[in-house]
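Here is the structure we will look at, set down as structure tokens.
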Amino acid sequence: MTPDRPFTASVFIATSLDGYIARADGDIEWLTSRGEQASDAGYEEFAAGIDTLVMGRGSYEKVLTFGAWPYAGKRVVVLSTRLPEDADPRITVVRDLDALVKDLAAHGARHVYADGGRVVQAFLRAGLLDDLTVTTIPVLLGGGLPLFGALDRDIDLAHRSTRVLGAGLVQSTYAIARG
Ligand SMILES: NC(=O)c1ccc[n+]([C@@H]2O[C@H](COP(=O)([O-])OP(=O)(O)OC[C@H]3O[C@@H](n4cnc5c(N)ncnc54)[C@H](OP(=O)(O)O)[C@@H]3O)[C@@H](O)[C@H]2O)c1
């Protein structure tokens, strides 16, 4: 951790082999239907180490369709330019990354989980990410919401580990050096 960013930030996400985290309409049935075939993908262990979730409005609205709120005990911050600030007492709404970083520092965040394609891309571009764990699902979707997007520079990654889970899921972790 550095003085200008007193927290670490991680991604733990699943993609199709062609790099999509959801279909264009937000559907993730291709993912959830395979989840039970896989052995423990390590999410519980990962989640135990984080105190704060940061997600985009797209991911937040998808979570609302699950019925149960899966983030009890964690602080949840939602990035959105549109969501009303008082939309949901379980979340804090922030409008941009500058406001987010100030909010996280003010609330003493130590380990942040960044979730949602647009949020991951914004974190990468802003140099806010420390590591990425990507679980690749053996399916090609041909289109959808991408995990990665345009960058104004290359981002070098250091490979940390790869393991093969059940049902042909391949999970790799990469570290990102702070620039
Ligand atoms: N495969 C997986 O493991 C996985 C994981 C997470 C999510 N998902 C799926 O992915 C879909 C959502 O992904 P998504 O790509 O739409 O991304 P997202 O990052 O969840 O949401 C995008 C929205 O977040 C807000 N946002 C993002 N970055 C912002 C920034 N820097 N400043 C201000 N607002 C920002 C914007 O909301 P406004 O338009 O309100 O400004 C933007 O439209 C859902 O279907 C979800 O189920 C899949």
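Details
- So L100, is it on the phi < 0 side of the Ramachandran plot, touching a strand residue (DSSP E or B) at 6+ places or on another chain (Cβ under 8 Å), in a loop (DSSP other than H, G, I, E, B) and near the ligand (Cβ under 9 Å from one of its atoms): no
- Matching residues, the stretch 47-60, being within 12 Å of the ligand (Cβ to nearest atom), assigned to a helix (DSSP H, G or I) and either surrounded by fewer than 16 Cβ atoms within 10 Å (Cβ to Cβ) or of a type in the set (A, V, I, L, M) (or both): none
- The condition of being closer than 24 Å to Q171 by Cβ and surrounded by 15 or more Cβ atoms within 10 Å (Cβ to Cβ) holds for F12.
- From the list S10, S33, the one residue that fits, being over 17 Å from the mean Cα position of the chain (by Cα), among the polar types (S, T, N, Q) and away from the ligand (no atom under 12 Å from the Cβ), is S33.
- Selection within the stretch 139-166 - under 16 Å from T15 (Cβ atoms), touching a strand residue (DSSP E or B) at 6+ places or on another chain (Cβ under 8 Å) and in a loop (DSSP other than H, G, I, E, B): V139, L140, L141, G143, G144, L147, L165
- Screening the candidates T173, T136 for the property of being out of contact with any helix residue (DSSP H, G or I) (no Cβ under 8 Å at 6 or more places or on another chain), farther than 20 Å from G49 by Cβ and β-branched (V, I, T) yields one hit, T136.
Computed from the coordinates by the stated procedures, all read-outs in this text should not be read as laboratory data. Quantities reported herein were computed from a predicted structural model and do not represent experimental measurements. Because the Cβ atoms are built from the backbone with ideal geometry, glycine has one as well, and the counts that use them run over all protein chains shown.
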